[in-house]
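Novice: Let me begin by handing over the structure; questions about it come next.
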Amino acid sequence: MGIIENKFRDNVIITSADKFMNWARLSSLWPITFGIACCAIEMMATAASRYDQDRLGIIPRPSPRQADLMIVAGTVTFKMASRIKRLYEQMPEPKYVIAMGCCATSGGPYWQHGYHVMKGVDQVIPVDVYVPGCPPRPESLLEGFIKLQDKIRRESIATTQAA
Amino acid sequence: MDYFIQIVTDLLPGLNGLPQWLVIPSIMFLFGALIFTGIAIYSLIILWFERKIAAHMQDRLGPMEVGGWHGWLQTVADAVKLLLKEDIIPAVADRKLFKLAPYIVFLAAFAVFAALPFSDKIIGSELNIGIFYILSVSSVGVVGILMAGWGSNNKWALFGSMRSVAQFVSYEIPIGLSILVVVMSVGSLSMRDIVMAQDGGIFNWMIWQNAPFNFIAFLILFIAGTAETNRVPFDIPEAESELVAGFHVEYSGMRFSIFFLAEYANMLAVGIIASTLFLGGWQGITGASSAPGIGLIWMLLKGFLIVLVMIWFRWTLPRLRVDQLMYVCWKVLVPISFFNMVGAGIWIGLSS
Amino acid sequence: MRAYFIDIFSGVGSVLVGMRVTFSHLFTRSVTEQYPREKIEMFDRSRNRLHVDIEDCIGCYLCDKACPVDCIHIDTIKARPGEDLGLTEKYEKKKTFVFPKFDIDMAECCYCGLCVFPCPTECIYWISDYEFAEYDRSNLNYHFGNVTPEDARVRYEEAEKLKIQKDKEIAAKKAAAGTEIPSQPKDDSTESAE
């Protein structure tokens with residue numbers, strides 16, 4: 001897609017193509033689930049039978065090369081941060097990040113005295129949606145997914161992420 | 001193929017003006033394109049089925065939101081999204097091998113369809129060594145998997161591809177021995193003759209003949225076929241928690257979707273082979289009917305049924321460890337299929 | 001040798017049992033709550049999000065001190081002399097402070113609820129809203145203060161002026177009574193505890 005991205009500015013001719021591409025991307029978000037700490041349990045609960053995330057088309061993939069969403073669930077320590085950055089760079093464009101839980105949003109309960117905690121994963125990778133909670137309910141995470149889908153719906157190939 | 005050529009030249013009489021050496025190959029190409037389209041559409045449908053069946057077996061709902069009624073557009077969205085992804089080739093990867101590997105794996109799966117009988121008259125190529133051709137061509141996929149693993153320049157990919165090659169090659173033996181049981185009782189390698197030998201209704205199907213040897217041969221063919229296509233419980237090469245997606249770990253976007261397509265095409269091929277050899281092929285419950293379309297529908301239905309049972313297997317069983325996998329092949333399936341073949345040979349010899 | 005055959009048969013048997021179980025589950029009702037369409041009722045005492053009725057707050061700082069992660073930040077200004085801020089709705093306590101800043105950062109909160117118990121007027125409490133994901137992290141810092149910054153600045157200046165005036169008065173009193181013996185502090189041991 002790189003050959004036609006960022007060449008137009010809000011031309012009418014690309015609106016339907018935009019809509020179709022955005023629909024395809026938001027209907028099949030495949031995360032690598034980066035479950036680090038306690039929020040991983042709520043993420044597993046979201047994938048389980050009661051609050052099924054497969055209804056929205058979300059199936060977890062093991063390899064970052066095949067994923068387009070990274071759910072950072074849990075406390076990000078400085079040691080882990082370099083690995084998160086490496087995995088983020090291995091994901092192909094277009095890619096999105098959800099920071100799940102207070103620890104990934106801003107260091108959470110460790111913001112004041114956590115000498116080992118990175119105060120928010122957005123210090124190493126750009127985050128699209130922050131889902132607060134300690135840990136957030138599965139419905140909160142599903143609402144985070146829906147908010148991300150709304151954000152993708154508003155994208156356009158005239159102005160892409162990488163620009 | 002002759003029937004197909006006849007249909008096309010009847011439909012498009014303008015083709016008679018063109019020279020013969022142009023018409024026949026282009027009609028054959030059309031047939032191949034039709035098969036390819038059929039495989040693509042079938043993959044979309046079977047993927048939706050897999051997700052829905054998996055979900056309902058786990059007491060949940062599966063895709064619901066995409067496209068209205070029970071998410072039937074879900075796989076279309078998946079396919080389009082994979083097409084629109086960035087194409088990453090690792091800098092240290094061997095570019096030629098990396099790029100070529102998915103196509104070779106798909107080629108192996110696709111070439112099998114040339115000799116499969118979809119109906120009395122609809123068959124790509126009426127070979128008199130049909131089943132032998134199928135077995136040998138499907139083994140070409142091994143080369144593709146090796147290329148994927150080596151070309152990715154990634155140790156996990158290499159482990160995955162080595163294990164997959166070992167598994168694939170080992171499970172060829174039980175398949176060959178089971179097919180031999182059918183070939184012995186029919187006396188011919190041609191797919192058409194095998195289906196004709198099952199003429200006359202559901203109780204004449206090969207699976208009930210030479211009991212119990214053919215039944216055991218069918219089970220062994222099914223189990224070994226599941227292993228050939230890297231499905232659970234034999235999916236160590238694509239194991240998620242152990243090998244981070246195995247030999248296709250470095251593939252993204254379109255290349256990855258070709259691997260996926262190849263896996264589902266393989267499943268359908270195994271299903272159709274099993275139903276041709278044991279379940280009566282394109283014949284119905286009460287024997288062959290004259291309309292060619294009915295044969296095609298029966299064939300696809302039976303192949304679909306076998307694929308559904310494979311999906312059922314997947315969501316029931318845990319994964320086998322690689323040494324257990326090899327144990328099952330060499331110490332269980334090979335002896336059983338060997339003695340089965342010997343027994344079937346004696347039975348056939350005694351009863352004729 | 002016998003174990004070999006027993007293994008095979010028990011393996012095949014367990015596979016068939018498993019397949020029967022999954023087949024029966026194919027036809028049982030699914031337990032999914034389809035989230036955006038059907039939301040389940042939140043139960044009482046569920047800890048989803050904090051809310052402060054700032055009109056009931058008396059500025060006692062008990063929630064600030066109780067918070068184990070220091071995510072509540074409060075600034076208070078005393079009311080002007082003669083200004084009547086009224087009583088709180090629950091427990092009818094007299095209000096003496098206005099709040100230029102009462103911030104609870106829900107991205108730092110650990111949702112323990114230790115701030116809810118000590119509040120004497122029950123003005124900080126849990127609401128059952130769990131749908132507050134944001135695109136921008138600073139939006140998760142909830143501001144409950146009830147005076148604008150300009151008003152706060154005006155009040156601070158008035159308070160400064162008042163303080164300076166009071167200091168002058170005290171200094172004048174001291175100067176006037178400078179020759180007297182400084183008054184003894186009261187003897188606390190004779191006072192009864194009240």
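The values are calculated or read from the model by the stated rules, or taken from the named source; none is laboratory data. No experiment lies behind these values; they were computed from the predicted model shown. When we count neighbours, we look across all protein chains shown, and the Cβ atoms used for this are built from the backbone with ideal geometry, even at glycine. Areas reflect the complete protein model, heavy atoms only, side chains present, ligands, DNA and RNA absent. Shrake-Rupley method; radii C 1.70, N 1.55, O 1.52, S 1.80 Å.
Novice: In square angstrom, what is the accessible area per residue of the range C:49-147 with a 1.4 angstrom probe?
Specialist: Normalised by residue count, the accessible surface of the range C:49-147 is 48 Å².
Novice: Tell me the Rg and the Dmax, in Å, that the Cα atoms of the protein assembly as shown produce.
Specialist: Calculated on Cα positions, Rg and Dmax stand at 35.4, 140 Å.
Novice: Let me ask something else about it. Per residue of A:124-137, count partner chain C-beta atoms within 10 Å of its C-beta, then hand back the mean as an integer.
Specialist: Average neighbour count from other chains, rounded to a whole number: 5.
Novice: Assigning unit charges at the beta carbon (Lys, Arg +1; Asp, Glu -1) and nothing else, what dipole magnitude in debye, to the nearest 20, does the range B:4-100 show about its Cα centre?
Specialist: I would put it at about 200 debye.
Novice: Here's a follow-up. Could you please report the charge total around A:Val72, scoring K, R as +1 and D, E as -1 over all other residues with beta-carbon less than 15 angstrom from its beta-carbon?
Specialist: +2
Novice: Quick check for you: with a 1.4 Å probe and neighbouring chains kept, what is the accessible area per residue of the range B:97-351, in Å²?
Specialist: For the range B:97-351, the per-residue accessible area is 38 Å².
Novice: Sticking with this one: Which residue, A:Lys79, A:Lys151, A:Lys95, tops the fluctuation ranking in a GNM of chain A built on C-alpha contacts under 10 Å?
Specialist: Checking each option, the largest mean-square fluctuation is seen for A:Lys79.
Novice: Relative contact order for chain A using alpha-carbon pairs under 8 Å, separation at least 6, rounded to a whole percent?
Specialist: Relative CO of chain A lands at 28 percent.
Novice: Accessible area lost on pairing B with A, both sides, 1.4 Å probe, Å² to nearest 100?
Specialist: The B and A chains share an interface burying roughly 2600 Å².
Novice: Anyone know which of B:Leu107, B:Leu84, B:Leu277 comes out most mobile in the 10 Å Cα GNM of chain B?
Specialist: The residue with the greatest mean-square fluctuation here is B:Leu84.
Novice: For peptide B:74-81, what's the mean number of Cβ atoms from other chains within 10 Å of each residue's Cβ?
Specialist: 6
Novice: By a straight-distance test (C-alpha under 24 Å), which lysines pair with B:Lys85 as possible cross-link partners, with residues fewer than eight away in the same chain excluded?
Specialist: Hits, sequence-local ones excluded: A:Lys7, A:Lys19, A:Lys85, A:Lys95, A:Lys147, A:Lys151, B:Lys96, B:Lys99.
Novice: Compute the acute angle (0 to 90°) between the alpha-carbon long axis of helix C:149-176 and the principal axis of greatest extent of the alpha-carbon atoms of chain C; round to the nearest 10°.
Specialist: The angle comes out near 40 degrees.
Novice: How far apart, in nanometres, would the label points at B:Leu34 and C:Ala159 be if each is projected 7 angstrom from Cα along the Cα-to-Cβ direction?
Specialist: Between B:Leu34 and C:Ala159, the simple spin-label model gives 8.7 nm.
Novice: Can you compute the helix-only [θ] at 222 nm over the protein assembly as shown? Use -39500 (n - 2.57) per DSSP H run of at least 4 residues, normalise by all residues, nearest 500 deg cm²/dmol.
Specialist: -16000 deg cm²/dmol
Novice: Got the relative contact order for chain C handy, in percent, Cα pairs under 8 Å and 6 or more residues apart?
Specialist: 22 percent
Novice: Whenever you get a sec, compute what percent of the accessible area on the range B:1-84 sits on carbon and sulfur atoms (1.4 Å probe).
Specialist: Reported share for carbon and sulfur atoms: 76 percent.
Novice: So what's the angle, to the nearest 10 degrees on a 0 to 90 scale, between helix A:138-153 and the longest Cα principal axis of chain A?
Specialist: 30 degrees
Novice: Counting only other residues whose beta carbon sits under 15 Å from that of B:Val23, what net charge do I get with K and R as +1, D and E as -1?
Specialist: Summing Lys and Arg as +1 and Asp and Glu as -1 gives -2.
Novice: Considering the zone a paramagnetic label at A:Thr77 would reach in this model (a point 7 Å from Cα along the Cα-to-Cβ line), which residues of the range A:24-46 have amide N under 14 Å from it?
Specialist: Flagged as within label range: A:36-38.
Novice: Which translational diffusion coefficient, to the nearest whole µm²/s, is obtained for chain C from the Stokes-Einstein equation, given a Kirkwood hydrodynamic radius over C-alpha pairs, 10 °C and 1.306 mPa s?
Specialist: Rounded, D is 68 µm²/s.
Novice: Most fluctuating residue of C:Gly145, C:Gly82, C:Gly59 in a GNM of chain C with Cα springs under 10 Å: which is it?
Specialist: Comparing C:Gly145, C:Gly82, C:Gly59 in the GNM, the peak value goes to C:Gly82.
Novice: Here is a follow-up. Give me a comma-separated list of calculated 3J(HN,Hα) values for the range B:171-183, in order, Karplus coefficients 6.51, -1.76, 1.60 applied at θ = phi - 60°, integers in Hz, x for any Gly or Pro.
Specialist: Per-residue couplings from phi come out as 7, 5, 5, x, 4, x, 5, 6, 5, 4, 4, 5, 5 Hz.
Novice: Summing both sides, how much accessible area is buried between C and B? Use a 1.4 Å probe and give Å² to the nearest 100.
Specialist: Interface area, both chains combined: 1500 Å², rounded to the nearest 100.
Novice: Need one number: the % of Cα-Cα pairs in chain A sitting beyond the 28 Å mark.
Specialist: Result for the distance tail: 23 percent.
Novice: Still on this model: For chain B, what relative contact order do you get, as a whole percent, if you take Cα pairs closer than 8 Å and at least 6 residues apart?
Specialist: Contact order relative to length: 21 percent.
Novice: Can I ask one more? Mind running the shape call on the range B:199-327? Use the C-alpha gyration tensor, a ≥ b ≥ c as the square roots of the eigenvalues: rounded below 1.5 for a/c, prolate if a/b tops b/c, oblate otherwise.
Specialist: oblate
Novice: Given a Förster radius of 51 Å and the C-beta distance between C:His73 and C:His25 as r, what FRET efficiency does 1/(1 + (r/R0)^6) yield to the nearest 0.05?
Specialist: So the FRET efficiency works out to roughly 0.50.
Novice: I need the shape label for the range C:1-59. Rule: rounded when a/c is under 1.5, else prolate if a/b > b/c, else oblate, with a, b, c from the alpha carbon gyration tensor.
Specialist: prolate
Novice: Ignoring ligands, DNA and RNA, how much accessible area is buried between chains A and C, both sides summed, with a 1.4 Å probe, to the nearest 100 Å²?
Specialist: What A and C bury together is about 2600 Å².
Novice: Towards the positive end of the charge dipole of the protein assembly as shown, with charges on Cβ (+1 Lys, Arg; -1 Asp, Glu), say which of B:Ile306, A:Val76, B:Leu277 has the farthest Cα.
Specialist: B:Leu277
Novice: Percent of accessible area on chain A owned by carbon and sulfur, 1.4 Å probe?
Specialist: 58 percent
Novice: Let me check the size of chain B from its C-alpha atoms; what are the radius of gyration and Dmax in Å?
Specialist: 21.1, 64
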